[in-house]
Structures are given as structure tokens and as C-alpha cells.
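Working notes, structure below.
The values are calculated or read from the model by the stated rules, or taken from the named source; none is laboratory data. Computed from a prediction, not measured in an experiment: that's the story for all the values here. For neighbour counting, all protein chains shown are included, and Cβ atoms are generated from backbone atoms with ideal geometry for every residue, glycine included. Just the protein is used for accessible areas: all its heavy atoms, side chains included, with ligands, DNA and RNA removed. Shrake-Rupley method; radii C 1.70, N 1.55, O 1.52, S 1.80 Å.
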Amino acid sequence: MRAGSAPGNRRRAMVTALVLAVVILVGGFLLGHLAGSRSRTGLGDRSDAPKTSRDRVGPYARLALPPLPPRPEPITGPDRPPLPAEKGGPFGSRLTTGTPEVALTFDDGPDEVWTPQVLALLRDYGVRATFCMIGAKAAKNPQLVRDVVADGHTLCNHSWSHDVFLGLRDEQTVLADMRRANEALTSAAPSARISYYRQPGGNWTPVVVAAARRLGMTALHWRVDPNDWQLGPSYRIAADVTSQAAPGAIVLLHDGGGDRARTLSALRTILANLITRFHLAPLPAGREEPRPSGTDWFGRPGQ
């Protein structure tokens with residue numbers, strides 16, 4: 001009897017040890033889950049605490065590089081766009097940010113389906129971008145314009161109706177189109193400053209660039225274009241952006257103008273990759289030039 005009881009005792013001891021290990025693991029998991037829940041509902045995240053757009057950054061924001069030191073905002077206004085003309089860009093339009101930062105830009109919105117999803121992804125990664133909006137769509141979806149501004153993104157004029165031949169029209173027609181789009185954007189978000197213009201299709205002409213500058217807008221082209229508006233796979237869009245990105249690059253993407261599921265899928269990979277390699281920032285919206293009290297933009301007495 002004793003000889004047979006030793007193996008039985010060992011088996012019981014092994015079973016007991018396994019049960020204890022499972023209990024410890026499960027207990028640790030439950031304690032960690034409860035601690036995490038408590039931290040998420042703690043004083044720093046009370047329901048009565050004021051919320052800002054930067055409070056809503058998601059779980060991946062901590063992967064981003066430390067921010068660069070702040071720098072003065074460029075001055076904008078009539079005949080004073082916030083960024084100078086760039087050599088090599090079509091008719092002086094900008095290819096780069098002029099800084100170490102990479103700028104993600106999104107065209108052809110706002111779109112009821114895709115713009116909110118793009119905003120949510122950017123929020124998850126703590127990234128702000130530049131949205132080049134079509135005036136007619138902004139007039140139709142003013143709340144989306146406000147949502148973009150509330151999250152700290154920069155607005156860009158992308159014409160009233162995405163007229164790819166706008167640059168072939170006379171200056172007054174071009175100016176009227178740009179003004180109409182600007183009015184739609186500022187009507188939706190009065191606090192926004194519209195300091196950039198992007199020509200549909202990238203069909204720049206001297207007339208378009210000069211008209212944009214006259215209204216205080218920089219002509220905004222791009223350095224990286226993954227052609228995400230075409231029907232290529234999302235992995236190719238992501239690979240093109242991550243392989244071609246360099247300090248100062250302006251990246252062209254789309255949040256409107258069609259089915260953007262591929263762009264959205266690629267954007268997850270793009271953000272996860274770029275935030276560990278580059279500083280990502282919206283293009284600077286600029287500020288008004290200081291002027292004597294009681295005068296208008298041109299130094300004349302105000303009303």
C-alpha cells in the first residue's frame with residue numbers, strides 16, 4: 001500500500017500546483033483589469049471634467065516622437081501667404097513644409113462616411129493633419145468642418161466644385177471660385193484661417209498661384225503621392241508613403257471623392273510607421289500681421 005501511495009501523492013501534488021498556478025494567473029489578470037478600469041475612471045478623466053480635442057488622443061499617441069520646440073506662426077493675409085514660393089514646385093507651389101516635419105494632407109472632403117473615420121484614426125495616433133476641402137461639400141457638411149477644426153487640424157481651400165480646369169479660366173473667375181469656397185469654410189468654422197489652396201488635379205497655372213497668393217493663400221502641392229484615389233491595394237498605398245516619406249515631405253491622401261476604404265486601411269499602417277520616424281504636424285495656419293489699432297489690413301482707418 002505504501003509503495004503505491006507515493007505516485008498518487010506526487011500526482012495530487014502536481015495537480016494542486018497546477019491549480020494554484022491557474023488561480024494566481026487568473027487573479028493577476030482580474031486585478032490588472034480592475035486597476036486599469038479604475039485608472040480610466042479616475043479623477044483625471046471625470047465625466048464632469050472639460051474635454052478638449054487633445055484629451056481624446058488614443059492609445060497609440062505615446063509611440064510618437066517628442067514634439068519639436070514651438071516656433072513663431074508665419075504671418076498671412078492679402079499678398080502674404082504663410083509659406084514662401086518653393087523652387088521646383090509647379091509655378092512656385094509648395095512641395096515641402098520647409099521644416100523637419102512631415103505633413104499629411106487629405107483632399108476632396110468633407111465626406112460623411114470617410115472623414116469621421118480618418119479623424120478617429122488620427123486621434124488614436126495623436127496626429128494632426130491638413131484637410132483640403134471642396135467648398136460645396138463644406139457647405140453641405142458644416143459640422144464635419146467644425147469637427148476637423150476642433151481636433152486641431154488645418155483647413156485648406158480645394159476650390160468650390162473641384163474644377164480641374166479652373167486654372168485655364170480668367171483671373172476674376174478663379175478669384176470668385178476661391179472666395180466662394182473660403183466663405184463656405186469660414187461660415188462653418190468662423191475661427192478657422194484659410195491659408196492654403198490646392199488646385200484640383202494638381203493642374204497649376206500662373207493665374208491660379210497668383211490668385212491664391214492675392215487672397216493670402218499658399219499654393220499647396222505635394223512631394224509624396226501614392227495615388228490612393230485609384231484602385232490599387234491598401235498595402236501598396238502604405239508602402240509608397242512609408243518608403244518615400246522624408247523630413248519636410250507633404251503627403252497627398254484622400255478622405256473624399258469616392259470609396260476610401262483602401263486609404264483608411266493603409267492609413268493605419270502609415271501612421272504606425274511614420275510616428276516612430278518623423279514629426280508629423282499640420283501646416284501652420286498663420287496669423288494676422290500686427291497693425292496699429294483702429295486700422296484695417298492696408299493701414300487705412302477702420303470703420
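Here Arg123 qualifies as in contact with a helix residue (DSSP H, G or I) (Cβ under 9 Å, 6 or more places away or on another chain) and either at pLDDT 95 or above or not polar (S, T, N, Q) (or both). Scanning region 153-183 for residues that are open to solvent by 10 Å² or more (accessible area, probe 1.4 Å) and of a type in the set (A, V, I, L, M, F, W, C) gives Trp160, Val164, Phe165, Leu168, Ala176.
Cβ-Cβ distances below 7 Å connect the following pairs, each with a first residue in region 232-250 that is on the phi < 0 side of the Ramachandran plot and of a type in the set (S, T, N, Q), a second residue that is open to solvent by 40 Å² or more (accessible area, probe 1.4 Å) and not in a strand (DSSP E or B), and a separation of six or more residues or different chains: Ser234/Arg262; Ser234/Ser265; Thr242/Asn273. Of the residues making up region 207-250, those that are in contact with a helix residue (DSSP H, G or I) (Cβ under 6 Å, 6 or more places away or on another chain) and in a strand (DSSP E or B) are Ala219, Val224. Pairs meeting the criteria (first residue in region 275-295 and assigned to a loop (DSSP other than H, G, I, E, B), second residue among the aromatic types (Phe, Trp, Tyr) and at pLDDT 80 or above, beta carbons under 7 Å, at least 6 apart or on different chains) are Ile275/Tyr125; Leu283/Tyr196.
Considering region 179-200, the residues that are assigned to a helix (DSSP H, G or I) and either touching a His at 6+ places or on another chain (Cβ under 8 Å) or at pLDDT below 95 (or both) include one that is nearest to Ile134 (Cα to Cα), namely Ala181. If you check Arg146 against the conditions, is it touching a Leu at 6+ places or on another chain (Cβ under 9 Å) and basic (Lys, Arg)? It is false that Arg146 is touching a Leu at 6+ places or on another chain (Cβ under 9 Å) and basic (Lys, Arg). Where residues in region 84-107 are of a type in the set (A, V, I, L, M) and surrounded by fewer than 23 Cβ atoms within 10 Å (Cβ to Cβ), which of them is modelled with the highest pLDDT? If we take residues in region 84-107 being of a type in the set (A, V, I, L, M) and surrounded by fewer than 23 Cβ atoms within 10 Å (Cβ to Cβ), then Leu95 is modelled with the highest pLDDT. In region 108-126, the qualifying residues are those that are part of a helix (DSSP H, G or I), of a type outside the set (A, V, I, L, M, F, W, C) and crowded, with 19+ Cβ neighbours inside 10 Å, and the one that is nearest to the chain's Cα centre (by Cα) is Arg123.
Scanning region 75-89 for residues being of a type outside the set (Gly, Ala, Ser) and more than 13 Å from Ala211 (Cα to Cα) gives a total of 7. Can we say Ala138 is open to solvent by less than 40 Å² (accessible area, probe 1.4 Å), part of a helix (DSSP H, G or I) and touching a residue at least 40 places away in the same chain (Cβ under 8 Å)? Yes; evaluated as a whole, the condition is true for this residue.
Residue-by-condition table, conditions (1) open to solvent by 40 Å² or more (accessible area, probe 1.4 Å); (2) at pLDDT below 95; (3) not hydrophobic (A, V, I, L, M, F, W, C):
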{"site": "Ala219", "(1), (2), (3)": "no, no, no"}
{"site": "Gln230", "(1), (2), (3)": "yes, yes, yes"}
{"site": "Ser243", "(1), (2), (3)": "yes, no, yes"}
{"site": "Leu264", "(1), (2), (3)": "no, no, no"}
{"site": "Ser293", "(1), (2), (3)": "yes, yes, yes"}
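Restricting Ile275, Ile194, Ile250 to those that are open to solvent by less than 30 Å² (accessible area, probe 1.4 Å), over 28 Å from Ala136 (Cβ atoms) and under 17 Å from the mean Cα position of the chain (by Cα) reduces the list to Ile275.
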